[in-house]
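Chemist: Please see the structure below; I have some questions.
The values are calculated or read from the model by the stated rules, or taken from the named source; none is laboratory data. This is a predicted model, so every value here is computed, not measured. Every residue, glycine as well, gets a Cβ built from its backbone with ideal geometry; the counts of neighbours run over all protein chains shown. Only protein heavy atoms, including side chains, enter the accessible area calculation; ligands, DNA and RNA are left aside. Shrake-Rupley method; radii C 1.70, N 1.55, O 1.52, S 1.80 Å.
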Amino acid sequence: KQDRTRARLLRWYGLDREQSSSYRCQQRISQVGYKYHMNDFSASVGLGNMAAARHDIRLRRAIANYYFRRIRNERLVLPLESDESSWWLYTMLVRGGRRDQFIEHMTNRGIACSPVHARNDKHPQLAGVVGRPLDGVDVFDSSNVCIPIGHWVDDAAAAQIVEACN
């Protein structure tokens, strides 16, 4: 509930839109927020793409399920299975500090894979913000890799990816 309340405040300049009819003038803003609510144009674009988005999610879920059923490599830690995930990414961990070798192995077979994102606390703007070691993040950051899972992965490509992973 506390996160939901804070998110509501942050989405519109820190103002509580549920507080009163003259909320703009009378409220004391305790947290500076943003203007994150959707306008009509953005809503129209989103609604116009819902069918395509649903199709893409169904496809990604099917590919993820294919990977879950067929990838069998004890050096790979697969993500937790989920019927609710959109599977925007299929992120695995490569055990034994061998992520770079795994990426090279996949690249040599024509399969693009990478960690996709760098950890935020390594950017100069955020240096020192955390203030303590992040052991779990260190392990994840050094071993995570994402394999292809988008609309471009047809049956043959999925089979090739699984074979290369195994």
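Chemist: If I fit a long axis through the Cα atoms of helix 99-108 and take the longest principal axis of the Cα atoms of the chain, what angle between them do I get, 0 to 90°, rounded to 10?
Modeler: 60
Chemist: While we're on this one: Going toward the positive end of the dipole of the chain, with +1 on Lys and Arg Cβ and -1 on Asp and Glu Cβ, which of 140, 117, 130 do you reach last?
Modeler: Checking the options against the dipole of the chain, the answer is 130.
Chemist: Right, here's the next one. In the chain, once you exclude exposed chymotrypsin sites (Phe, Trp or Tyr not before Pro) (DSSP loop, at most 13 other Cβ within 10 angstrom), what's the longest stretch remaining?
Modeler: 89-151
Chemist: To test your reading of the geometry: what angle, between 0 and 90 degrees and rounded to tens, separates the Cα axis of helix 2-11 from the longest principal axis of the chain?
Modeler: 70
Chemist: Here's something else I'd like to know. Could you give the length gained by full extension between residue 119 and residue 7, i.e. 0.36 nm per residue of separation minus their alpha carbon distance, to one decimal place?
Modeler: Details: separation 112, 0.36 × 112 = 40.32 nm, distance 2.29 nm.
Full extension from residue 119 to residue 7 adds 38.0 nm.
Chemist: Moving to a separate point now. Could you look at the stretch 56-166 and say what percent of its accessible area is carbon and sulfur, using a 1.4 Å probe and all protein chains?
Modeler: Numbers: 3760 of 7210 Å².
Carbon-and-sulfur percentage of accessible area, whole number: 52.
Chemist: For the chain, with every protein chain kept in place, what is the accessible area per residue (1.4 Å probe, Å²)? Numbers along the way, then the final one.
Modeler: On the way: 12160 Å² over 166 residues.
Here the per-residue accessible area is 73 Å².
Chemist: If the label point is 7 Å along Cα→Cβ of residue 109, which residues in the stretch 40-76 have backbone nitrogen under 11 Å from it?
Modeler: Residues passing the 11 Å test: 71-73.
Chemist: Continuing with this model, one more query. Under unit Cβ charges (Lys, Arg +1; Asp, Glu -1), what dipole magnitude, rounded to 20 debye, does the chain have relative to its Cα centre? Intermediate values should be presented prior to the final figure.
Modeler: Values: 24 positive and 18 negative charges, 108 e Å.
It works out to roughly 520 debye.
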